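Quick one: this structure, given as structure tokens, is what I'll be asking you about.
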Amino acid sequence: MDRMRNNNMQAKLVLLGDMGTGKTSLVVRFVKGQYCDCQESTIGAAFFSQVLSLNDAIVKFDIWDTAGQERYHSLAPMYYRGAAAAIVVYDISSTDSFARAKKWVEELKRQGNTYMIMALVGNKVDLEKDRKVHIEEGTQYAEENGLYFTETSAKTALNVNELFYEVAKRLVKAR
Ligand code: GDP
Ligand code: MG
């Protein structure tokens, strides 16, 4: 019991990435288990809370999703200040979004804390036929920069839970 209590942690988790890459859809998929195929998903709740039970710890995520400010390719540093973890999302069918994702990673590295757990995510793998960013490109960039990497689909739910659980595990391990 005590051990459990000691292993409780609360962590701010932010999502970054180009508009339209599926950040909101990933969060909604994870928190609500649903997929909303609507253009409106960027507008809406920008804050979610979710508790994850791991084998040896309980992690409460305060998830910050943008309300569309990424449209202007800049986010107030306040958005990611104090974040224990960041998920940077690109769309595998868009090379631009991959380039932007790298910029976000660089910005986080410059301004974020050095202990921040970072994940790079290629979303929309269900659009394999439209793929423009090879998995190797994501893997390699992540390796070079010490990021966790995965490819997901908010639409089919592929690897979405795994992503959030992996981030939680790394947080617990790192503390
Ligand atoms: P955000 O701007 O990064 O928050 O992106 P949204 O979550 O609003 O998603 C933008 C658009 O991409 C919406 O039309 C979503 O339905 C769609 N979308 C999100 N995730 C996926 C996915 O995994 N596969 C496909 N095919 N479409 C997706
Ligand atoms: Mg959004």
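Per residue, how big is the convex hull of the chain when only Cα atoms are used? Give it in Å³.
109
What spacing in nm lies between the two simple spin-label points modelled at E106 and N55, each 7 Å away from Cα in the Cβ direction?
4.0
I've got another one for you. Give the separation of the Cα centroids, region 72-137 to region 139-175, in Å.
If you average the Cα positions of each part, the centres end up 11 Å apart.
List the relative contact order of the chain as a percent without decimals, with contacts defined as Cα pairs under 8 Å and 6+ residues apart.
Worked out over the chain, it gives 26 percent.
Filter the cross-link list K32/K155; K23/K103; K12/K124; K12/K109 down to pairs whose alpha-carbon distance in this structure exceeds 20 Å.
Long pairs (Cα-Cα over 20 Å): K12/K124.
Compute the normalised compactness of region 72-175: alpha-carbon radius of gyration over 2.2 N^0.38 Å, N being the residue count.
1.05
Before anything else, pin down the relative contact order of region 67-168: Cα pairs under 8 Å, at least 6 apart, normalised by residue count, whole percent.
Taking the mean separation of contacting Cα pairs over the length of region 67-168, I get 27 percent.
Values quoted throughout were computed directly from the atomic coordinates according to the rules given, and no laboratory measurement underlies them. This structure is a prediction, so every number in the text was calculated from the model and none was measured. Ideal geometry is used to build each Cβ from the backbone, glycine not excepted, and the neighbour counts take in all protein chains shown.
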